[in-house]
Amino acid sequence: EHKRLVGSTRGLSEAQEIRFVGCAIVCAGIVLGCTMTRNPDLSGTNSYMSNILGYIYFLVWSLSFYPQVILNWVRKTTIGFSSEFVHLNLAGYILYSLYNLLFFFDKGLQQQYRDANNGDNNLVEVHDVLFALHGFLLTLVQLCQCYHYDGRKQLPSSITGAVCFGLFATPAVW
């Protein structure tokens with residue numbers, strides 16, 4: 001099924017394709033981790049390792065979204081794909097993105113964190129923000145696919161709606 005959806009990579013076996021993609025991700029993570037801005041609160045080697053591992057996880061987890069999006073697009077349906085999951089996932093990525101964006105960009109919040117944590121800075125980095133936003137966007141694409149391809153067949157249950165509402169209401173009330 002994988003070969004039919006995305007095509008073969010010039011005669012490579014599936015295991016070779018997986019090794020190739022894995023090596024490409026690790027190499028890209030090393031390059032990004034060594035060249036992008038590092039956390040100044042970490043010592044030399046630790047700042048590089050944190051950045052390299054951060055970009056590798058960003059790439060791996062980001063790539064994990066695409067097979068489902070491609071499968072939905074090729075099949076022109078999302079039947080069999082849980083709309084409950086995509087609604088809860090979208091709520092989670094909205095909140096996760098807000099958390100990362102606020103901790104990364106809001107100087108006042110950063111100062112409050114330092115004041116509450118013995119002067120230590122929070123450790124939200126660029127790759128955390130990128131992953132959260134990418135996850136939000138691809139989950140939004142999946143949700144749009146659910147409604148575009150299957151409409152009312154993919155409405156979430158009232159329990160899922162209530163949980164999503166609660167996820168947004170709790171921080172708002174707090």
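A few points about this structure:
- Of the candidates Gln154, Gln142, the single residue that is out of contact with any Leu (no Cβ under 7 Å at 6 or more places or on another chain), under 29 Å from Arg19 (Cβ atoms), among the polar types (S, T, N, Q) and touching a residue at least 60 places away in the same chain (Cβ under 8 Å) is Gln142.
- Residue check, Leu71 under 23 Å from Gly151 (Cβ atoms) and open to solvent by 60 Å² or more (accessible area, probe 1.4 Å): no
- Of all residues in region 54-67 being open to solvent by 50 Å² or more (accessible area, probe 1.4 Å) and not aromatic (Phe, Trp, Tyr), the one that is nearest to Cys34 (Cα to Cα): Val60
- Scanning region 79-90 for any residue that is touching a residue at least 12 places away in the same chain (Cβ under 8 Å), open to solvent by 30 Å² or more (accessible area, probe 1.4 Å), over 30 Å from Ser158 (Cβ atoms) and of a type in the set (A, V, I, L, M, F, W, C) turns up nothing.
- Scope region 111-130; condition assigned to a helix (DSSP H, G or I) and free of Cβ contacts under 8 Å to residues at least 24 places away in the same chain; matching residues: Gln111, Gln112, Tyr113, Arg114, Asp115, Ala116
- Residue match in region 131-145 (condition: over 14 Å from the mean Cα position of the chain (by Cα) and either of a type in the set (S, T, N, Q) or open to solvent by less than 30 Å² (accessible area, probe 1.4 Å) (or both)): yes
- Scan region 20-46 for residues that are under 27 Å from Gly119 (Cα atoms) and surrounded by 12 or more Cβ atoms within 10 Å (Cβ to Cβ) and the total you get is 8.
- Residues of region 97-110 that are assigned to a helix (DSSP H, G or I) and open to solvent by less than 80 Å² (accessible area, probe 1.4 Å): Ser97, Asn100, Leu101, Phe103, Phe104, Gly108, Leu109, Gln110.
The values are calculated or read from the model by the stated rules, or taken from the named source; none is laboratory data. Keep in mind that this is a model prediction, so the values were computed, not measured. Because the Cβ atoms are built from the backbone with ideal geometry, glycine has one as well, and the counts that use them run over all protein chains shown. Just so you know, the surface numbers come from the protein's heavy atoms only, side chains and all, with ligands and any DNA or RNA stripped out. Shrake-Rupley method; radii C 1.70, N 1.55, O 1.52, S 1.80 Å.
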